[in-house]
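Heads up, the thing below is written out as structure tokens.
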Amino acid sequence: MRTVILCGGKGTRAYPHTTQVPKPLLEVAERPVLEHVMQIYARQGFTSFVLAAGFKIEMIERFAETMPREWDVDVVDTGEDTNTGARIERCRERVGDTFFATYADGLADIALNELAWFHQSHRRRATLTTVPLPSQYGTLGFGGDRRVSSFKEKPVLGDHWINGGFFVFDQAAFDHWAGDDLERDVLPALGDAGLLYAYEHRGFWKSMDTYKDALELTSLVVEGSGPWIRSTTRASS
């Protein structure tokens with residue numbers, strides 16, 4: 001199975017650090033986050049990649065040339081201003097009947113063989129990985145008398161689930177591909193058609209949306225090599 005990685009956007013939320021390099025090449029522990037993402041797949045035996053590039057594509061191409069020779073890495077120019085759904089569609093001729101897709105900035109200790117098995121088990125066209133919503137704020141608890149009894153710093157909200165990326169698609173999903181935006185158009189259309197299923201991942205997951213996130217992920221590596229590095233074979237659902 002090939003893996004399409006969305007790495008063509010401008011990374012505006014990480015500005016000004018993305019004025020000189022595309023967001024996928026921002027570093028986590030002295031390595032581009034894109035390399036961390038690719039290693040999640042490679043450590044589990046999936047070493048064939050399609051990098052859906054656009055913004056500063058020449059830098060993505062130079063990066064791809066530094067990857068291990070035994071890997072199969074294609075860089076596809078999907079356009080600088082192309083939206084996420086259209087980027088994947090423009091790579092459809094580079095993938096087989098079933099393929100992975102993911103973002104270039106999401107790290108997780110996800111078990112990819114389990115994800116692929118789950119996709120095959122429901123016999124539909126698309127699977128997304130869903131993760132519990134991590135709160136960006138601390139929460140507090142208090143009783144009926146309003147006496148504060150507890151604090152939790154940025155808890156994971158287990159009763160709210162979000163799109164964590166790490167997709168599996170069949171070629172037949174393109175028959176129902178609607179619009180250019182993966183999150184706003186394509187996934188809702190597949191859901192409305194009854195063709196989209198959710199794989200629950202309860203392990204580590206974090207998206208590198210900002211430069212602050214990059215620093216936090218780097219700290220995790222410094223403290224203990226990073227959960228996505230230590231374990232990518234854990235049971236996730």
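The values are calculated or read from the model by the stated rules, or taken from the named source; none is laboratory data. A quick note: this is a predicted structure, and the numbers were derived from the prediction, not measured. Cβ atoms come from the backbone with ideal geometry, glycine included; neighbour counts cover every protein chain shown. Remember, those area values only see protein heavy atoms, side chains included, never the ligands or the DNA or RNA. Shrake-Rupley method; radii C 1.70, N 1.55, O 1.52, S 1.80 Å.
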| task | Evaluate the following for D175: is it surrounded by 14 or more Cβ atoms within 10 Å (Cβ to Cβ) and at pLDDT 80 or above? | result | no
Per the filter on the stretch 1-25, residues touching a helix residue (DSSP H, G or I) at 6+ places or on another chain (Cβ under 6 Å), on the phi < 0 side of the Ramachandran plot, at pLDDT below 55 and buried (at least 18 other Cβ atoms within 10 Å of the Cβ) are A14
For the stretch 26-43 the number of residues that are part of a loop (DSSP other than H, G, I, E, B) and buried (at least 17 other Cβ atoms within 10 Å of the Cβ) is 1
Note to self: If I filter the stretch 81-94 for residues that are modelled with pLDDT of 95 or more, in a strand (DSSP E or B) and surrounded by 11 or more Cβ atoms within 10 Å (Cβ to Cβ), do I get at least one hit?
What the structure shows: no
> If we scan the stretch 211-228, do we find a residue that is modelled with pLDDT under 90, part of a loop (DSSP other than H, G, I, E, B), closer than 21 Å to R43 by Cα and open to solvent by 20 Å² or more (accessible area, probe 1.4 Å)?
Replying inline: yes
Listed by first then second residue, the pairs whose first member lies in the stretch 218-232 and is closer than 19 Å to P32 by Cβ, whose partner is among the aromatic types (F, W, Y) and modelled with pLDDT of 85 or more, with beta carbons under 8 Å and at least 6 positions apart or on separate chains, are P227/F204; W228/F204
Within the stretch 53-73, residues surrounded by fewer than 17 Cβ atoms within 10 Å (Cβ to Cβ) and either touching a residue at least 60 places away in the same chain (Cβ under 8 Å) or outside any loop (DSSP other than H, G, I, E, B) (or both) come out as E58, M59, E61, R62, D72
